[in-house]
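Participant: Sharing a structure, written as structure tokens. Questions coming.
We did not get these values from a lab; they are worked out from the coordinates using the rules stated. What you are looking at is a predicted structure, and each value in this text was computed from that prediction instead of being measured. No Cβ is skipped: glycine too gets one built from the backbone with ideal geometry, and neighbour counts run over all protein chains shown.
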Amino acid sequence: MLKQFLNLKLSQKLSPQQIQLMKLIQLPTQAFEQRLLEEMNENPALEAGKEEEEYEKDEYENEDYDDYDDSESDRIEAEDINIDEYLSNDETPDYKTQANNYSDDDEERESPLAAPVSFHQDLINQLNTFILNDDERDIAEFLVGSIDDMGYIRRSVADIVDDLAFTQGTYTDELTVERMLHVIHELEPSGVGARDLQECLLLQLKHKTPTEYLELATDIIENQFDAFTKKHYDKLIQKYNISNEQLKKAIHEIERLNPKPGGAFTGNNKITENVVPDFAIRIVDGELELTLNGRNAPSLHVSKDYQEMMQTYKESKDKSGTQKDAVQFIKQKLDSAKWFIDAIRQRQETLFVTMNAIMHYQEEYFLDGDEIKLKPMILKDIADLVGLDISTISRVANSKYVETPYGTKLIKEFFSEAMKNDQGEDVSTLEIKKILQNIIEEEDKKKPLPDDQLAELLKEKGYPIARRTIAKYREQLDIPVARMRKKI
């Protein structure tokens, strides 16, 4: 029996430029500087420093560049080469990107510090930027714990469901575990949490910046993985009707991937990164003052030489096919340079307004440094304040640091969920963890307190929390069980 269904689906696909912008926003200061150098090396139309001479746009307005008699497919349309777009003065006010974003004394607060992070703890830290309910978080954290040192989950979903029930008391189904697995696959490094090499490579290809041969490389791994692993290159060339050189470039895309995404954390299972604060918060006359590290606000402009080449083309009467190819190249480089400059400005503004909202949301804490005064704050709270997507806020908070009068802090540490105390008031889980930590520090080490007694003590202080939650918080604080804390 045949049945007909009408299914309406609304979907949104990000453009390559939007994806690039999101990746720029996520980069901390040092990684951003490296990305900037790469872009300048790849694009000669992008230059550092302020432009010495500005071109007026008026004389170029209302010009027509459709001077070719070639066929429609070969013609360069006027809308494709809009010189005004490249030669016009930038109308973005300087105050939006400079006035309160950084100061002249940035060097004073660029004091790198060692930040050792275990592989699994780094994944847990990233997981904390996602909005999940308690059951989902338990499942996701269990999945992180199931990842081996190479970055793989080598167990079936059915086995994981059984283990969750028997060892964690969490009863769920395969569909929910699969959904949480997709969350794990969004973590860095790309490819982590894959169940086999094919999935690992596909996850990394999905997160790569689009290139000419990325789509072909993805199709090869997805649909011709066996032929690829057995190096049946003749079959691949025949299958895709491509040249040997094209296949070589697609394979080069694959060879640049990491088959062991967790491998960087092997050995002592720790990495040490050099941290430079992305922001600084100071107290001036009793008021909070925020600055963005000046290294995030480079002066860039479009190359005057490339502008002049475009102008020369416009004035040329004899436009040959060679000139047409040249101007297409110039246009592409100018497009890329202009977009990158705009993207950097958007990145600056996004970073600043987001951190500014966090600073004011946690004003009580930043004024005196008492962690108990940290308010419950989730990504949505800040997203609503600044009018940005939750995913954008997550990218700003991820791997970025702020220098405060109380030390350099990871921004993600300021986010926490809310719990009710015995008065029905919302309190931050960070506050509860701090109180729990203080209780354990003050306990008699000859008779350390088990989790059920810790739960009772917190209840007496006005925080009714289950023993299971105590165990979770204790593990998050890297505090061992009672018998491991015992001293003679």
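Participant: Using the per-residue mean of other Cβ atoms lying within 10 Å as a proxy for protection, in what order, highest first, do the peptides 332-341, 396-405, 474-483 fall? Spell out each step's value before the answer.
Facilitator: Values: 332-341: 18.7, 396-405: 21.4, 474-483: 13.7.
With the highest mean Cβ count within 10 Å placed first, the list reads 396-405, 332-341, 474-483.
Participant: Could you derive backbone 3J(HN,Hα) for region 330-343 from the dihedral phi with the Karplus parameters 6.51, -1.76 and 1.60 (θ = phi - 60°), listing whole Hz in sequence and x where the residue is Gly or Pro?
Facilitator: 4, 4, 4, 5, 5, 4, 5, 5, 5, 4, 5, 5, 5, 5
Participant: Would you mind checking the pairs Lys400/Lys420; Lys208/Lys248; Lys206/Lys472 and listing those with alpha carbons more than 22 angstrom apart? It would help to have the intermediate numbers written out before the result.
Facilitator: Numbers: Lys400/Lys420 30 Å; Lys208/Lys248 18 Å; Lys206/Lys472 33 Å.
Beyond 22 Å: Lys400/Lys420; Lys206/Lys472.
Participant: Another question, if that's okay. Whole Å is fine, so just give me how far the alpha carbon centre of region 394-417 lies from that of region 154-190.
Facilitator: The distance from the Cα centre of region 394-417 to that of region 154-190 comes to 28 Å.
Participant: Just grab the label-to-label distance for Thr176 and Arg256, each label 7 Å out from Cα along the Cβ direction, in nm (one decimal).
Facilitator: 4.1
Participant: Between Gln332 and Glu136, how high is the FRET efficiency from 1/(1 + (r/R0)^6) when r is the Cβ-Cβ distance and R₀ = 60 Å? Nearest 0.05. Could you put the intermediate results ahead of the total?
Facilitator: Numbers: r = 44 Å, r/R0 = 0.74.
FRET efficiency, Gln332 to Glu136: 0.85.
Participant: Per residue of region 461-466, what does 6.51 cos²θ - 1.76 cosθ + 1.60 with θ = phi - 60° give for ³J(HN,Hα)? Whole Hz please, x for Gly and Pro, Karplus curve as stated.
Facilitator: After applying 6.51 cos²θ - 1.76 cosθ + 1.60, I find 7, x, 10, x, 10, 5 Hz.
Participant: Another question, if that's okay. Go through region 379-395 residue by residue and turn each phi into a ³J(HN,Hα) via Karplus (6.51, -1.76, 1.60, θ = phi - 60°); whole Hz please, and just put x for glycine and proline.
Facilitator: Taking θ as phi minus 60°, the curve returns 4, 5, 4, 6, 4, 5, 5, 9, x, 10, 5, 4, 4, 5, 4, 4, 5 Hz for region 379-395.
Participant: Give me the Kirkwood hydrodynamic radius of region 120-177, using the inverse of the mean 1/r over all pairs of distinct Cα atoms, in Å to one decimal.
Facilitator: Kirkwood hydrodynamic radius for region 120-177: 11.8 Å.
Participant: By how many nm would the segment from Lys235 to Lys248 lengthen if fully extended, with 0.36 nm per residue of separation less the alpha-carbon distance? Working shown, then result.
Facilitator: Details: separation 13, 0.36 × 13 = 4.68 nm, distance 1.35 nm.
Taking Lys235 through Lys248 to full extension adds about 3.3 nm, to one decimal.
Participant: Counting only residues 5 or more places away or on other chains, whose amide H sits under 5 Å from the amide H of Thr404 once H atoms are built in the peptide plane?
Facilitator: Residues meeting the criterion, in which the H sits 1.01 Å from N, are Ile281, Lys409.
Participant: Something else about it: Using Cα pairs under 8 angstrom and six or more residues apart, how large is the relative contact order of region 183-270, in percent? Present the calculation step by step, with values, prior to reporting the outcome.
Facilitator: Working: 70 pairs, mean separation 26.2, N = 88.
Here the relative contact order equals 30 percent.
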